[in-house]
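Data first, discussion second: the structure below is written as structure tokens.
The values are calculated or read from the model by the stated rules, or taken from the named source; none is laboratory data. Only a predicted model underlies this, so the values are computations on that prediction, with no experimental measurement involved. Heads up: the accessible areas ignore ligands, DNA and RNA and are worked out on the full protein's heavy atoms, side chains in. Shrake-Rupley method; radii C 1.70, N 1.55, O 1.52, S 1.80 Å.
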Amino acid sequence: QVDDRGTYLEVMRPGPGSALDDVSTEHRERNRRLAATYPTIAAVPLVARDEAYGSLVLYCQAPHAYGADQVALSLAFAQQAALAIENARLRAEAEQRLHEIERRQRVAEALRDLLEVVNSNHDLDEILAEVLAQSSRLLGNDAGAVCLRNDDSPDILRARAALGLSRDTLAMKVRMGSPT
């Protein structure tokens, strides 16, 4: 089925590599249609820095349109395409790292601001309001509540501060372990 041409392999008859290969009738029919329209099909690997990204498949209507020169040119083209893919991947990774650095910087700034509030003379309600405001900015939540344990009933949590919740939607008292 394949002839070794030295620098490339030429497929003489497409199909399964052996009788044991399971190839569907639909797959064989698609191969026949492609071969009727494109008697020459070349597939070259997209490889850059030992990373395979896929293949470049070229279809020619002329029979035997490919030789060693065309294969070499196709490989050069495929290598350039693979380098472009690699560069795009590296650029995307760099952008992702930059976004992560920016996110961490926002978190650090928010924690610094929160520490300022905690170390100031603000009362607990102002501190809790700042905690909720910072969580909304950093985490993107639309509402939040701080529930604290009550000294009189240690298994009861009482809502002490809330952001974006009305009193009628907020559970003012919740037993620990129960769903909120």
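Quick one: accessible surface of ARG104, probe radius 1.4 Å, all protein chains present, in square angstrom to the nearest 10.
Estimated to the nearest 10 Å², ARG104 gives 150 Å².
What figure in square angstrom, to the nearest 10, would you give for the accessible area of ASP69 with a 1.4 Å probe?
Approximately 120 Å² of ASP69 is accessible to the 1.4 Å probe.
Would you mind working out the accessible area per residue for the chain, using a 1.4 Å probe, and quoting it in Å²?
74
Per DSSP helix of 4 or more residues, -39500 (n - 2.57); summed, then divided by the residues of the chain. What does that give at 222 nm, rounded to the nearest 500? The partial results should precede the final answer.
On the way: 3 runs with 81 residues, N = 180.
About -16000 deg cm²/dmol.
Top to bottom by accessible area (1.4 Å), largest first, where do CYS147, CYS60 land?
CYS147, CYS60
Of the heavy-atom accessible surface of the chain (probe 1.4 angstrom), what whole percent is carbon and sulfur?
Working: 7150 of 13410 Å².
The computed percentage sits at 53.
Report, by chain and number, residues whose modeled amide H sits under 5 Å from the one on LEU58, excluding near sequence neighbours (fewer than 5 apart, same chain).
For LEU58, whose amide H was placed from the backbone, the distant partners under 5 Å are ALA42, ALA43, VAL44.
Does anyone have the angle between helix 68-119 and the longest principal axis of the chain? Alpha-carbon axes, 0 to 90°, nearest 10?
0
Tell me the accessible surface of GLU51 in square angstrom (1.4 angstrom probe, heavy atoms of protein chains only), to the nearest ten.
Solvent-accessible area, nearest 10 Å²: 90 Å².
For a quick check: with amide H placed at 1.01 Å from N, whose amide H comes under 5 Å from ALA48's, ignoring anything fewer than 5 positions away on the same chain?
Placed amide hydrogens put TYR53 under 5 Å from ALA48.
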